[in-house]
Amino acid sequence: MAGCLLAGLPATARSAPEVVAVRGIPSAVAATYGPAVPLPAIAPGTGVTAVPTGSGVEFLATNASPSSVARLGTFRTAGTIRGVAGSGANVFLFAGTRGVLALDATDPAAATALSSIDGLGAVALGAAAAAGPGLVAASDSTLHFLNFDPATGFTLARSVTYADGRRVAAVAVQSDSFLVASNRPGILPRLILTLYRFGAGMPAPDSLAEFAFNAHEVSDLAWRGPRAFLADGNRGVLILNVPSRAIVRTVPVQGSKFVRSVDAGPDRVVATAEGRTVVSFARAGAALDSLVLDQTVLTELEPIDIRLTEGPAAVSTVDQATAPEPDEIARSQVEFVDPYGLTTPPPPVGDVGRTRRVVVDAGLAYVADYSGGLRIYRAGGADSSLVGVLPEIGNARAVDVALDPSRSLAYLASGPGGLEIVDVRDPAAPARITSLVLPGLASAVTVAGQGLVAVGRRGSGSAGVTFVDVSDSTLPSPRGSVNAPLSDPRALAARDTVLFVADEQVGLASIGFGNPDLPRLFGVPSGTGSRALDLTGATLLVGTRAEGLEVVDALDPSALIRRATLPTPPILGIARSAGSAALLLGDAGALVVDVQDPNAPSVRGPVGIPGVSRGGAWVGDTLVVAAGLGLERYEASPSSVPVPSLAAALDPGSALPRAVVSWSAVSVPGMVGLNLYRDLGAATAGTSNPSGRLVNRSLLAPSARSAVDDSLTAGAVHRYRLEAFFADGSALKVAEGSLYVPSSARVGRPYPNPFRPRGGAAASIPYRVPARSPAPRVTLRIYDMRGRLVRTVTGVAPATGGFGALSWDGRDDRGRMVADGIFFLHLSGAGLDDARALTLLH
């Protein structure tokens, strides 16, 4: 990946070439909206609301006027943004495997990244306290309790992993308390509610309560005072009394419509349900836990999430609830509903478009847009404006585009719309000439010769490739086809009278079409599921779904030779420029590789791209990427730049294990600072472990040359990763190195084990420390199998060094005897940082 220093090499080790990609102005066309989050601390009275877009966040003024909503600003970054949370002027983006990104949204028109934390798994949702530093980020089965300070960044207080199969569905917050709703699937589903307190100054969260209900499975949660309101599928809205841990009642929606999302205010509860349904209830009764249906509203698209704001309720909608890859949700927008029904809601916010493939000619980019048809943008220079659009008709969905510049024709593979032929003599007014419906769904297209195109078809019983005579563009006519064993063609490339096919299921195939009426398959497909192709001369670059990049010698199409492979994430598209190629990796961005030597392709560097990167093309040093939600542009000249060296050494003047990490000067265009990460394990050339922990408490200045790490583990190898941090929240690894810390302090085995706490007996865990002065504190923390803190015991290690021990009597912090089970004893301080397992039996 990015530049690295191999383990064991001196600071003067050789550097590798690296790609520095500078992001240009994107041609934004769409978003995939998630649940909105009101930000009352920003410009009170205007209803500033943050809405995740899939590739970042949009800031809306929902109380701008009764009849309008203003878009204040947009922040885009790499990663998949499914949820956001707000605290004051800080906004937190839950960015999947990229962790949590913090923004300063004081000025929503110019929000800037403050800090990020990764190594948390794939976080998708969470909540932040309205005042104070605490927030919770949740992945599938793990909660991460974080503190955030704008000056120092994130600190991880504790992670709680559920080992009983439950999955976190929603997190809500009041003051410094967090309510977590989880589902444990099975024949009899189980809803589990867990209550935590995590306030300012608390080193770790308190687990206050946990209670469960059978036969319930929820998707959303709102918490107001003592009542919680949950979206409980076909049952409707489930109302809980949190203090008494009891179900109050369930309120169905229109009989038994499936409820997806719910939100609650002081006097109102709103919910979204299947069938374009939004309902608004008035809260009634002495405890405000009775719901009286006030109004029902039909949305334009299918509603997924709903949140109350200072103005109308914001409803995130899509044109269909699910879409299997490679199909996509065609439209997503934020619709607005007045929960009281007193005013006409403002029009929806959102744009149409899902860019899929792009070809470039004469300074113009021709984009196959899944829901927007053919869109033509300027591709050269700083101007990325939209030139012309040809919308799709009916259920047609553009998934691929090919260009015949000599005839000023563009060809679209448009799914159920078949092959579309477009006149592009005037790019500002592209005109549909005609279309040809084919069996199945048109999935790929390429120009195969003068007046001849090849069209890939997918669909059960309809898959294959059809050659189409387009010599008369007004009367296209099918010629020959090759069907089985082709199953799901995704990309096509032609040379002379040979067509190469990347098939998602059966792999790379080659077809001879010397006679287009009787095309024939050469040999058998490769068997490695493929999605992307680039043909340059006799060399094929093949992007696969599981094996990375394949370099194939196609000189003899009947005997394709695989010259080399390069492991990468699944590849959706390839854009080649001379000796370099950009691999488009979906929501993992792009990876630039050196392919000058077809026998030894090598990585040049990653490019973080918002959205889902599916196709691209080079215009000089500009990489144009169809990234799903927009047409992104990067100045990404694959020229060599120096990669800094990095060295780590133990501080000889420190009593505790302490490392001084230093590096040579870093100069990366556009960076605003540096972050240093540490994780256990030897450094590996060309790889980046995303589970590292941040060493520096606050973002390092670009001119920084060193940092100190005083949280080391004895007897282990530590790997350090230095990353440049950019204003859009993206990062680029610029150096790497490793350090071995000898075992000068160590934790022994607990005794007795198993432990029976009878008659005042206690278990003892011994340790050994080196001599030091003054005598340092040692802390023993006992955790149960669910990762919950049971007891904390402190002591002082001997100042002269040597052996010591801490004991545990089998009781929790409240003095209660714990139940049978396996517990983990973690000892820290005085250079100690290790844990041992202990079995407790009564």
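Which of (1) out of contact with any Phe, Trp or Tyr (no Cβ under 9 Å at 6 or more places or on another chain); (2) outside any strand (DSSP E or B); (3) within 26 Å of Asp469 (Cβ to Cβ); (4) not β-branched (Val, Ile, Thr) does Asp517 not meet, given it meets every other one?
Looking at each condition in turn, Asp517 falls short on (1).
Identify all residues within region 827-842 that are under 11 Å from Ile782 (Cα atoms) and either buried (at least 18 other Cβ atoms within 10 Å of the Cβ) or of a type in the set (Phe, Trp, Tyr) (or both); write none if there are none. Can you show your working first?
Residues of region 827-842 that are under 11 Å from Ile782 (Cα atoms), as a first pass: 827, 835-838.
Leu827, Leu838 - these are the residues of region 827-842 that are under 11 Å from Ile782 (Cα atoms) and either buried (at least 18 other Cβ atoms within 10 Å of the Cβ) or of a type in the set (Phe, Trp, Tyr) (or both).
Among the residues of region 472-495, which ones are among the polar types (S, T, N, Q) and farther than 17 Å from Gly514 by Cβ? Please lay out each step first, then the result.
Going through region 472-495, the residues among the polar types (S, T, N, Q) turn out to be 473-474, 477, 481, 483, 487.
Result: Ser473, Thr474, Ser477, Asn483, Ser487.
Mind counting the residues in region 225-276 that are open to solvent by 10 Å² or more (accessible area, probe 1.4 Å) and β-branched (Val, Ile, Thr)?
Number of matching residues: 5.
When you scan region 465-514, how many residues do you find that are part of a loop (DSSP other than H, G, I, E, B) and either of a type in the set (A, V, I, L, M) or over 39 Å from the mean Cα position of the chain (by Cα) (or both)? Give the steps one after another, and end with the answer.
Of all residues in region 465-514, those part of a loop (DSSP other than H, G, I, E, B) come to 470-476, 483-488, 496-497, 504-506, 513-514.
From what's left, either of a type in the set (A, V, I, L, M) or over 39 Å from the mean Cα position of the chain (by Cα) (or both): 470-476, 484, 486, 496-497, 506, 513-514.
Of the residues in region 465-514, 14 are part of a loop (DSSP other than H, G, I, E, B) and either of a type in the set (A, V, I, L, M) or over 39 Å from the mean Cα position of the chain (by Cα) (or both).
Which of the residues spanning region 549-581 are surrounded by fewer than 20 Cβ atoms within 10 Å (Cβ to Cβ), of a type in the set (Gly, Ala, Ser) and touching a Pro at 6+ places or on another chain (Cβ under 7 Å)?
Within region 549-581, just Ala564 meets the criteria.
Checking the condition at pLDDT 80 or above and surrounded by fewer than 16 Cβ atoms within 10 Å (Cβ to Cβ), which residue from Ser743, Ser706, Ser691 passes? Even if it seems obvious, please write down each step before you answer.
Details: Ser743 fails: at pLDDT 80 or above; Ser691 fails: at pLDDT 80 or above.
Result: Ser706 is the single residue among Ser743, Ser706, Ser691 that is at pLDDT 80 or above and surrounded by fewer than 16 Cβ atoms within 10 Å (Cβ to Cβ).
For (1) within 22 Å of the chain's Cα centre (by Cα); (2) surrounded by fewer than 19 Cβ atoms within 10 Å (Cβ to Cβ); (3) aliphatic (A, V, I, L, M); (4) modelled with pLDDT under 95, each residue gets a yes or a no:
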| residue | (1), (2), (3), (4) |
| --- | --- |
| Glu300 | no, yes, no, yes |
| Arg307 | no, no, no, no |
| Ala314 | no, no, yes, no |
| Thr322 | yes, yes, no, yes |
| Ser332 | yes, no, no, yes |
| Leu342 | no, yes, yes, yes |
| Gly353 | yes, no, no, yes |
| Ala362 | no, yes, yes, yes |
| Tyr366 | no, no, no, no |
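Can you tell me which residue is nearest to Ala102 (Cα to Cα) among those in region 131-145 that are surrounded by fewer than 24 Cβ atoms within 10 Å (Cβ to Cβ) and of a type outside the set (D, E, K, R)? Show your work before the answer.
Within region 131-145, the subset surrounded by fewer than 24 Cβ atoms within 10 Å (Cβ to Cβ) is 131-133, 139-142, 145.
Subsequent filtering for residues that are of a type outside the set (D, E, K, R) retains 131-133, 139, 141-142, 145.
Working: Ala131: 15, Gly132: 14, Pro133: 12, Ser139: 17, Ser141: 22, Thr142: 20, Phe145: 15 Å.
Filtering region 131-145 for residues that are surrounded by fewer than 24 Cβ atoms within 10 Å (Cβ to Cβ) and of a type outside the set (D, E, K, R), the one nearest to Ala102 (Cα to Cα) comes out as Pro133.
Which is buried (at least 21 other Cβ atoms within 10 Å of the Cβ) and free of Cβ contacts under 8 Å to residues at least 40 places away in the same chain, of Val506, Val501, Val524? Write out each step before concluding.
On the way: Val501 fails: free of Cβ contacts under 8 Å to residues at least 40 places away in the same chain; Val524 fails: buried (at least 21 other Cβ atoms within 10 Å of the Cβ).
From the options Val506, Val501, Val524, the qualifying one is Val506.
Name every residue in region 160-175 that is crowded, with 19+ Cβ neighbours inside 10 Å, of a type outside the set (Phe, Trp, Tyr) and not in a strand (DSSP E or B), in order of residue number. Outline the logic, then answer.
Here is the first cut: in region 160-175, the ones crowded, with 19+ Cβ neighbours inside 10 Å are 160, 162, 166, 168-173.
Those left that are additionally of a type outside the set (Phe, Trp, Tyr): 160, 166, 168-173.
Across region 160-175, the qualifying residue is only Arg166.
What number of residues within region 238-276 satisfy the criterion of being touching a Pro at 6+ places or on another chain (Cβ under 8 Å) and within 25 Å of Gln320 (Cα to Cα)?
Number satisfying all stated conditions: 6.
If I ask for residues that are farther than 14 Å from Met202 by Cβ, open to solvent by less than 50 Å² (accessible area, probe 1.4 Å) and part of a strand (DSSP E or B), which ones from region 149-159 would you list?
Answer for region 149-159, where residues must be farther than 14 Å from Met202 by Cβ, open to solvent by less than 50 Å² (accessible area, probe 1.4 Å) and part of a strand (DSSP E or B): Gly153, Phe154, Ser159.
Can you tell me how many residues within region 570-586 are within 17 Å of the chain's Cα centre (by Cα) and either over 16 Å from Glu504 (Cα atoms) or not in a strand (DSSP E or B) (or both)? Give the steps one after another, and end with the answer.
First pass over region 570-586, keeping only residues within 17 Å of the chain's Cα centre (by Cα): 570-572, 584-586.
With either over 16 Å from Glu504 (Cα atoms) or not in a strand (DSSP E or B) (or both) added as a condition, the list becomes 570-572, 585.
Residues that pass the stated criteria total 4.
Table: residues versus (1) closer than 29 Å to Val279 by Cα; (2) buried (at least 24 other Cβ atoms within 10 Å of the Cβ).
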position	(1), (2)
Glu335	yes, yes
Pro347	yes, no
Gly350	yes, no
Arg378	no, no
Val389	no, no
Ile393	no, no
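Do we have Ala209 as in contact with a strand residue (DSSP E or B) (Cβ under 8 Å, 6 or more places away or on another chain), at pLDDT below 95 and open to solvent by less than 40 Å² (accessible area, probe 1.4 Å) here?
On the way: in contact with a strand residue (DSSP E or B) (Cβ under 8 Å, 6 or more places away or on another chain): yes; at pLDDT below 95: yes; open to solvent by less than 40 Å² (accessible area, probe 1.4 Å): yes.
So Ala209 passes the test.
In region 51-84, what count of residues is obtained for those that are closer than 18 Å to Asp107 by Cβ and small (Gly, Ala, Ser)?
5
What about Val612, is it out of contact with any Pro (no Cβ under 9 Å at 6 or more places or on another chain), surrounded by fewer than 20 Cβ atoms within 10 Å (Cβ to Cβ) and within 25 Å of Gly363 (Cα to Cα)? Break it down stepwise before answering.
Details: out of contact with any Pro (no Cβ under 9 Å at 6 or more places or on another chain): yes; surrounded by fewer than 20 Cβ atoms within 10 Å (Cβ to Cβ): no; within 25 Å of Gly363 (Cα to Cα): yes.
So Val612 fails the test.
Residues of region 746-776 being at pLDDT 80 or above and either open to solvent by 40 Å² or more (accessible area, probe 1.4 Å) or of a type in the set (A, V, I, L, M) (or both), which ones?
Tyr751, Pro752, Asn753, Pro754, Arg756, Ala761, Ala762, Ala763, Ile765, Pro766
From the list Leu499, Leu508, which residue is over 27 Å from Pro405 (Cα atoms) and at pLDDT 95 or above?
Numbers: Leu499 fails: over 27 Å from Pro405 (Cα atoms).
Criteria check complete, one pass: Leu508.
Mind telling me which of the residues Val237, Val318 ends up being among the β-branched types (Val, Ile, Thr) and farther than 30 Å from Pro570 by Cα?
That would be Val237, the only listed residue that is among the β-branched types (Val, Ile, Thr) and farther than 30 Å from Pro570 by Cα.
Suppose we filter Leu195, Leu191 for residues that are in contact with a His (Cβ under 8 Å, 6 or more places away or on another chain) and either without any contact (Cβ under 8 Å) to a residue 60 or more places away in the chain or of a type in the set (Asp, Glu) (or both); which single one remains? If you could, list the steps in order and put the result at the bottom.
On the way: Leu195 fails: in contact with a His (Cβ under 8 Å, 6 or more places away or on another chain).
The match here is Leu191.
Does region 84-100 contain any residue that is in contact with a Gly (Cβ under 8 Å, 6 or more places away or on another chain), of a type in the set (D, E, K, R) and either closer than 27 Å to Asp383 by Cβ or at pLDDT 85 or above (or both)?
No; the residues of region 84-100 include none that is in contact with a Gly (Cβ under 8 Å, 6 or more places away or on another chain), of a type in the set (D, E, K, R) and either closer than 27 Å to Asp383 by Cβ or at pLDDT 85 or above (or both).
The values are calculated or read from the model by the stated rules, or taken from the named source; none is laboratory data. Just so we're clear, the structure is a prediction, and the values are computed from it rather than from any experiment. Glycine also receives a Cβ, built like all others from the backbone with ideal geometry; neighbour counts cover every protein chain displayed. What goes into the accessible areas is simple: the full protein's heavy atoms, side chains included, and nothing from ligands, DNA or RNA. Shrake-Rupley method; radii C 1.70, N 1.55, O 1.52, S 1.80 Å.
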